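Have a look at the structure below, then the notes.
The values are calculated or read from the model by the stated rules, or taken from the named source; none is laboratory data. Just so it is clear, the model here is predicted, and its values are computed rather than measured. Cβ coordinates were reconstructed from backbone atoms using ideal geometry, including for glycine residues, and neighbour counts include every protein chain displayed. Please note that ligands, DNA and RNA were not included when accessible areas were found on the heavy atoms of the full protein model with its side chains. Shrake-Rupley method; radii C 1.70, N 1.55, O 1.52, S 1.80 Å.
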Amino acid sequence: METTVAEDQAAGPGRPRAPRGARAAARLLRLPGGRARRWAAWCAIPPLAVVSAVVLCRAMDTDGITPIPQLLAFLPWLLIPAAIGLLLGTAARWPLGCGWALAAAAATGWFIQPYDGGSPPSDAEPHGPVLARLRVMTANLEFGQAREGLLSALRRERPDLVAVQECDTRCAAALDSAAVRGAYPYRSVALGDSAAAGSAILSRHPLTRAEGVRGTLRMPGAVVRVAGQRLRMQVAHPMPPMPGQVDLWRTELGRLRAYADGRGEEPTLIAGDFNATQDHAAFRAVLDTGLRDGARAAGVPRTPSWPSATTPLLGAQIDHVLVSRALRPRTARFLELPHTDHRALLVELDLYGPQS
């Protein structure tokens, strides 16, 4: 077996040489020589480590601990640190770093694909009679500040059902005006102990209040009667996954999942600010009950809805309208509302009657 002089000297007199495979692995793992190249290699490690940790949690179907849930909300944008790691690995002439970066980027790209969850296949779409076409809107008003923008959107878009989050006393007063009551005679308003805690449901169709999902923020529920068909509607507004509150966020999303799982055969929709994207395991668990994401079904699965200051170029889609099989999404649009950090979501749906 041939060896180099350097390898023989390193082995030393009487010291056995390592197998060739082990020597090759050691060379691969060793950082490159030269101060500048070594510095580039060291700089590549932190972004690649962050991307790898987040993607690993995504692959393991877990949201992990802070800061993983927060970073999962922006999973597609992790391609940027992966690209930075690749550039630094290339500059360092570090084969392992380049391979690591390519693997991290490939895994991120794989998980960017829209998540279908437990949605029925295309050949299982509803085939019964279409009873009505509904326009459903959800809007987070950020402490009630966007109430005027909401009123303008209601006049312009004329949705049939509206889920409002962060509705304070000023918002409730605006929704109680004669003009709004004339357009939406049926409603359920649940005010909380803070400007962010209140929520409301507005409807053009007869509505009966129902027990909502329990949460720190109010999440009212209702049963709406549309063309003789009962439709269950639930507002979603779990706590955000802030540091120190991830367990609470996971618990409240779990309650929404339990509501979805126990919906029975009646048409059901859950609309609101979920504070979660399709890259969060807790949100995918809701979809796995068989609900479909309206924006995903309408062809806009990753259009950001928050924060509105950076949308549509940068952000996360955390506002959703989820529907059961009897509701077929046709279109979805995100609307700009002034004075809120969210964009409103408007989904047009077909409500199907029972299949024969």
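Please go through segment 180-193 and pick out each residue that is at pLDDT 95 or above and either of a type in the set (G, A, S) or open to solvent by 10 Å² or more (accessible area, probe 1.4 Å) (or both).
Kept after step one, since they are at pLDDT 95 or above, are these residues of segment 180-193: 180-191.
Result: V180, R181, G182, A183, P185, Y186, R187, S188, V189, A190, L191.
Consider G299 carefully, then state whether it is among the small types (G, A, S) and modelled with pLDDT of 95 or more. Please lay out each step first, then the result.
Working: among the small types (G, A, S): yes; modelled with pLDDT of 95 or more: no.
Taking the combined requirement at face value, the residue does not satisfy it.
Does A40 satisfy being under 42 Å from the mean Cα position of the chain (by Cα), open to solvent by less than 50 Å² (accessible area, probe 1.4 Å), modelled with pLDDT of 65 or more and closer than 30 Å to W306 by Cα?
no
Just need a number here: residues in segment 283-294 that are crowded, with 23+ Cβ neighbours inside 10 Å and under 11 Å from the mean Cα position of the chain (by Cα).
The qualifying residues number 2.
Just give me the residues in segment 159-173 being touching a Gly at 6+ places or on another chain (Cβ under 8 Å), in a loop (DSSP other than H, G, I, E, B) and open to solvent by 20 Å² or more (accessible area, probe 1.4 Å), in sequence order.
Across segment 159-173, the qualifying residue is only E166.
Filter segment 155-206 down to the residues that are under 17 Å from A271 (Cβ atoms) and hydroxyl-bearing (S, T, Y) and list them by number.
Y184, Y186, S188, S199, S203
Taking the residues in segment 302-328 that are assigned to a loop (DSSP other than H, G, I, E, B) and touching a strand residue (DSSP E or B) at 6+ places or on another chain (Cβ under 7 Å) as candidates, determine which candidate is surrounded by the fewest Cβ atoms within 10 Å (Cβ to Cβ).
The qualifying residue surrounded by the fewest Cβ atoms within 10 Å (Cβ to Cβ) is T303.
Look through segment 260-282, keep the residues that are assigned to a loop (DSSP other than H, G, I, E, B), open to solvent by less than 10 Å² (accessible area, probe 1.4 Å) and not polar (S, T, N, Q), and return whichever of them is nearest to P76 (Cα to Cα).
Of segment 260-282, the ones assigned to a loop (DSSP other than H, G, I, E, B) are 262-267, 274-280.
Subset that is open to solvent by less than 10 Å² (accessible area, probe 1.4 Å): 267, 274, 276-277, 279-280.
With not polar (S, T, N, Q) added as a condition, the list becomes 267, 274, 276, 279-280.
Working: P267: 32, F274: 19, A276: 14, D279: 9, H280: 13 Å.
Top of the filtered list is D279.
Take the conditions surrounded by 19 or more Cβ atoms within 10 Å (Cβ to Cβ), of a type in the set (A, V, I, L, M, F, W, C), part of a loop (DSSP other than H, G, I, E, B) and modelled with pLDDT of 95 or more and apply them to V224. Does it pass?
It is false that V224 is surrounded by 19 or more Cβ atoms within 10 Å (Cβ to Cβ), of a type in the set (A, V, I, L, M, F, W, C), part of a loop (DSSP other than H, G, I, E, B) and modelled with pLDDT of 95 or more.
Free of Cβ contacts under 8 Å to residues at least 60 places away in the same chain, in a loop (DSSP other than H, G, I, E, B) and farther than 30 Å from Q245 by Cα: is that true of G33 in this structure?
Yes.
When both residues are 6+ apart or on different chains and their Cβ atoms are under 8 Å apart, which pairs have a first residue that lies in segment 280-298 and is within 18 Å of V347 (Cβ to Cβ), and a second that is in a helix (DSSP H, G or I) and not hydrophobic (A, V, I, L, M, F, W, C)?
V286/R257
I'd like the full set of residues that are among the aliphatic types (A, V, I, L, M), touching a residue at least 12 places away in the same chain (Cβ under 8 Å) and surrounded by fewer than 19 Cβ atoms within 10 Å (Cβ to Cβ), limited to segment 46-67.
Within segment 46-67, V50, A53, A59, I65 qualify.
Looking only at segment 243-258, which residues are within 21 Å of A316 (Cβ to Cβ), touching a residue at least 40 places away in the same chain (Cβ under 8 Å) and out of contact with any helix residue (DSSP H, G or I) (no Cβ under 6 Å at 6 or more places or on another chain)?
P243, G244, W249
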